[in-house]
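The numbers here are math on the coordinates, done by the rules we state, and not lab data. Source: prediction; values computed, not measured.
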């Protein structure tokens with residue numbers, strides 16, 4: 001049950017299989033718009049999420065990227081294009097989302113330096129991006145540390161929510177791609193943080 005408090009609502013997160021089915025059209029629109037931001041020879045971290053899985057599908061229209069991911073599904077999708085160079089991070093296997101997590105994953109992420117981190121998040125409020133799972137938050141943080149730029153893919157349901165584990169302050173994000181415009185207070189916070197907001201309406 002959600003706990004109501006002043007400000008954003010603290011919520012739990014649905015199982016991954018359920019999240020895959022939620023707002024599928026919006027996530028595909030986000031994925032298509034985000035895929036256009038990257039050029040041949042760009043290097044990308046991609047974390048595991050329902051929206052980044054859609055993003056990987058959209059990236060099959062691009063070529064010659066260097067991809068580092070902790071998702072076997074994303075790795076397999078992008079490796080089908082032999083112009084891409086794909087690195088799969090190992091570690092403890094998280095069954096729910098099908099992802100590599102834990103200290104081994106964090107150690108391997110630290111061996112890369114990329115231009116872009118492309119991330120999904122559990123929640124966004126007017127100060128930060130957050131996640132509901134500690135190990136997933138740690139992976140996202142590690143990717144941010146080793147990337148020059150950060151792109152967040154988040155559908156409108158993530159706005160004005162709060163989760164337990166902070167991933168990064170809003171000011172660390174360079175680009176935010178969503179499917180519907182956020183409320184004015186959230187839009188103002190995004191603008192004040194210097195984030196490029198891309199609304200990819202379905």
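Averaged over all directions, how much area does the convex hull of the C-alpha atoms of segment 126-165 cover when projected, in nm²? Could you put the intermediate results ahead of the total?
On the way: hull surface 12.5 nm².
Approximately 3.1 nm², given one-decimal rounding.
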Dmax and Rg, reported as Rg then Dmax, of segment 15-115 (C-alpha, Å): 13.3, 35
The chain: most fluctuating residue of 31, 61, 140 per GNM, C-alpha cutoff 10 Å: 61
Helix-only [θ]222 nm of the chain, DSSP H runs n ≥ 4, -39500 (n - 2.57) each, per residue, nearest 500: -9000 deg cm²/dmol
Cα pair count fraction exceeding 22 Å, expressed as % - segment 100-202: 27
Geometric extent, Cα atoms of the chain - Rg, Dmax (angstrom): 15.7, 51
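Which whole-number percentage describes the relative contact order of segment 77-147, with Cα contacts under 8 Å and a sequence gap of 6 or more? Don't skip to the end; give the middle numbers.
Working: 67 pairs, mean separation 18.4, N = 71.
So the answer I get is 26 percent.
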GNM top mover of 155, 41, 125 - the chain, alpha-carbon springs below 10 Å: 41
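Once the piece of chain linking residue 146 and residue 196 is laid out straight, how much longer is it, given 0.36 nm per residue of separation minus the C-alpha distance between them? Each step should come with its number before you reach the end.
Values: separation 50, 0.36 × 50 = 18.00 nm, distance 2.05 nm.
Result: 15.9 nm gained on full extension.
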Relative contact order %, the chain, counting alpha carbon pairs below 8 Å whose residues are six or more apart: 20
Most mobile of 122, 90, 98 in a GNM of the chain (Cα contacts under 10 Å): 98
